[in-house]
1. How far is it, in nm, from the label point at T60 to the one at E38 when both lie 7 Å from their Cα along the line to the Cβ?
2. Taking the alpha-carbon distance from K66 and a cut-off under 16 Å, which lysines remain once sequence neighbours fewer than 8 residues away in the same chain are dropped?
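Here, each number is a calculation from the coordinates, and none is a lab measurement. Since the model is a prediction, treat every value here as computed from it, not as a measurement. Cβ sites come from the backbone with ideal geometry, for glycine too, and all protein chains shown count toward neighbours.
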Amino acid sequence: MSINANSRIIIEACGACKFLQKRCLDDCIFAPYFDSNEGTANFESVHRIFGANNICKLLTNMPIEKRADVVFTLCLEARARLQDPIYGCISEIYTLQNQVITLEAELSSLQAQVDTQQSPLDEFDSNIGSSQQAADQRTFTGAPVDGGDGEEFAREFPIP
């Protein structure tokens, strides 16, 4: 939007009006939802599937606070319908549902594997305990007890 020297407001045409090659009025129903930049491409896909007249009727019968959601949904459905003319967005939904089923099966199999395996930390702790006891027994065999002088210990383990 810009202001002319005559204080007249000139509105840049919205994407819908650009595509339809018509003058964009102040009360254009498409202007808030199809901006001038990417709105033309969005409106083109929606127009090809639903038609401008049907979109206009739908938006006028819709409460203002819900119109943005309606336009967003129409754009998604139109793109999906152009990519897959027979199934539209249903094919995408089906693909996503299959991915969820596959991932849930994989998750349950991994959960079962985790449940059946012994935790590596439990095994590590049990190995440390038994090897520590053996090391204690080997290290202190013949060590002086109750104030002995340690000669027996020194003979058994000479210092190099």
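1. For T60 paired with E38, the spin-label model returns 3.0 nm.
2. Here the lysines satisfying the reach criterion relative to K66 are K57.
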